[in-house]
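Structure first, then comments.
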Amino acid sequence: MSINIRIMLVDDHEVVRSGLRRLLEQNDGVEVIAEAESGEQAYQFYGECLPDVVVMDMSMPGMGGLEALRRIIARYPQARVIIFSMHENAAFASQALSAGARAYVAKSGAADDLVQAVREVAQGKGYLSAGIAQQIALQTLSGSDDPTRLLSAREFEVFRLLAAGKGIDEISSTLRISQKTVANYQTLLKQKLGINSPIELVRLAIKHGVIDS
């Protein structure tokens, strides 16, 4: 069968990319044409090779997957991105989908999950791991008061980095925005999330699974 789905893999671990390449290329009609180890590289390589589907990790050093996704979609609205993440969590999945991801697949899921996601997304459809879909549905049904759902992708990324203990200067260089802009986001987050201190911010992040306790 002729090659018809061209994929770019984005993960900061070479072992993970190697395993994903083997898994995906076992399937007829699937070819990995590029690999990137960071969000910065993903954004650059996307424009150079215009893959049919991007399979990208969410948590990487520097510009994370969420910020890379936001930038790729802003420049290439037709981009089809699958977030392949260790975060089996409705907050992360909701943010990724809001930022333009076509699919969210948990790394802890079955290998077939990712293969199916690639096929569905290549056809212009969406896909969610069963566990993630169930979490989002339960959160919606219970009317869960997770305030992180109100955040934009950029706000969520600043929130995540602050919760992880990063300083304003580090967040500024990671996201390539000015320190003043980061400080503005910090103020905005306090208002949107109803928090007054860094400790409350960390507690909220732990409660909703944005960082580990």
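So the values come out like this:
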read-out: Evaluated at q = 0.08, 0.16, 0.17 Å⁻¹: base-10 log I(q)/I(0), Debye formula over Cα of the chain; value: -0.27, -1.06, -1.17
read-out: Overall form of the range 1-125 per C-alpha gyration tensor (a/c, 1.5; a/b vs b/c); value: rounded
read-out: Helix-only CD estimate at 222 nm, as mean residue ellipticity for the chain, using -39500 (n - 2.57) per DSSP H run (n ≥ 4); value: -16000 deg cm²/dmol
read-out: Three-way shape call for the range 71-138 based on the alpha-carbon gyration tensor, with the a/c threshold at 1.5; value: oblate
read-out: Where N is the number of residues in the range 113-177, Cα Rg divided by 2.2 N^0.38 Å; value: 1.52
read-out: Relative contact order of the chain, pairs being alpha-carbon contacts under 8 Å that are 6 or more residues apart, as %; value: 15
read-out: Cβ-defined net charge surrounding G131, 15 Å radius [Lys, Arg +1; Asp, Glu -1]; value: -2
read-out: Sequence ranges 105-115, 197-207, ranked by mean other-Cβ count within 10 angstrom, highest first; value: 105-115, 197-207
read-out: Eligible lysines near K207 by straight Cα distance, threshold 21 Å, same-chain separation 8 or greater; value: K166, K190, K192
read-out: Environment charge at T187 (Cβ cut-off 13 Å; Lys +1, Arg +1, Asp -1, Glu -1); value: +2
read-out: Selection from A122, A99, I82 lying farthest towards where the dipole of the chain points positive, charges on Cβ; value: A99
read-out: Of all accessible heavy-atom area on the range 158-204, the percent that carbon and sulfur account for (1.4 Å); value: 50
read-out: Mean accessible surface per residue for the chain, computed with a 1.4 Å probe while every protein chain stays in place, in Å²; value: 47
read-out: Within-14-Å neighbourhood charge of V30 [Cβ basis; K, R +1; D, E -1]; value: -1
read-out: Rounded to the nearest 20 debye, dipole of the range 21-180 from Cβ charges on Lys, Arg, Asp, Glu; value: 400
read-out: Magnitude of the charge dipole, the range 150-213, Cβ model with Lys/Arg +1 and Asp/Glu -1, debye to 20; value: 140
read-out: Protection-proxy order for peptides 13-20, 69-76, 157-164, each taking the mean of Cβ atoms within 10 Å per residue, highest first; value: 157-164, 69-76, 13-20
read-out: Three-way shape label, the range 1-52, alpha-carbon gyration tensor, a/c 1.5; value: oblate
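The values are calculated or read from the model by the stated rules, or taken from the named source; none is laboratory data. The shown structure was predicted, so the numbers you read here are calculated from the model rather than taken from an experiment. Here Cβ is always computed from backbone atoms with ideal geometry, including for glycine, and neighbour counts include all displayed protein chains. SASA here: full protein model, heavy atoms, side chains in, ligands and nucleic acids out. Shrake-Rupley method; radii C 1.70, N 1.55, O 1.52, S 1.80 Å.
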